[in-house]
Amino acid sequence: MTPLYGLVLAAFLPFAAAAQEAFAPVPASSVALEDLLYLKRPVVVFADTPNDPAFVRQMALIAQESADLAERDVIVVTDTDPKTPSDWRTKLRPRGFSLVLMDKDGKVVIRKPLPWEVREITHAIDKTPLRRQEMQERPAAGG
C-alpha cells in the first residue's frame, strides 16, 4: 500500500506548490493599502532587518500554514527597511519587530510585538465582523 500513498501524494504536490507560490509575502514597497481595501486582509510583518530572529520565526510560522491564511483572503506584507520608510511603516508606526493584522476595511485589528502562530492569527480574523459576515454568506459545503 505504500506505493499507493506515494502516488496520491505525488498527485497533490503540484496543487500544494501552486498554493505556496500564490501565497508569497509581498514587500511593502510594491503594494498600497488602498489597492487592497475590501479585497484582502493585510498581515503586515515589520522588522528593522530581515535577519531579526522574530521576523525569521514569524515568516517560518506563516509559511507552514499559509493555506489557512489564504482561505481568509490574507496578504502578507513585509517591511524590513526602516531607513526608507514605506507608506505602511509611516501609517502603522512600528518599533522593531511588529505584527499588525488589518481587516479588509483597512482598520487595525491587532498589533503584536512578538511572533504569533497562524492559529492565533486566524482566530483573531474569525472574530472580526467582516469575517463573520463572509462566513454567513458563504454557501454551505456539500450543498
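Bear in mind that the values in this text are calculations on the coordinates, not laboratory data. What you are looking at is a predicted structure, and each value in this text was computed from that prediction instead of being measured. Here the Cβ positions follow ideal geometry from the backbone for every residue, glycine too, while neighbour counts run over all protein chains shown.
All other residues with a Cβ under 11 Å from the Cβ of LYS104 taken together, and with Lys, Arg as +1 and Asp, Glu as -1, what is their net charge? It works out to a net charge of +1.
Taking Lys and Arg as +1 and Asp and Glu as -1, the other residues whose beta-carbon sits under 9 Å from that of VAL118 total -3.
Taking the fewest neighbouring Cβ atoms within 10 Å as the starting point, the ordered list for MET102, MET135 is MET135, MET102.
Between ILE75 and ARG41, VAL43, the built amide H atoms are under 5 Å apart, and every one of these is 5 or more places off in sequence or on another chain.
Within a Cβ distance under 12 Å of LEU92, other residues only, what is the Lys/Arg minus Asp/Glu net charge?
Around LEU92, the charge tally is +4.
Translational diffusion of region 23-137 was estimated from the Stokes-Einstein equation, with Rh taken as the Kirkwood radius over Cα pairs; at 4 °C and 1.567 mPa s the coefficient is 92 µm²/s.
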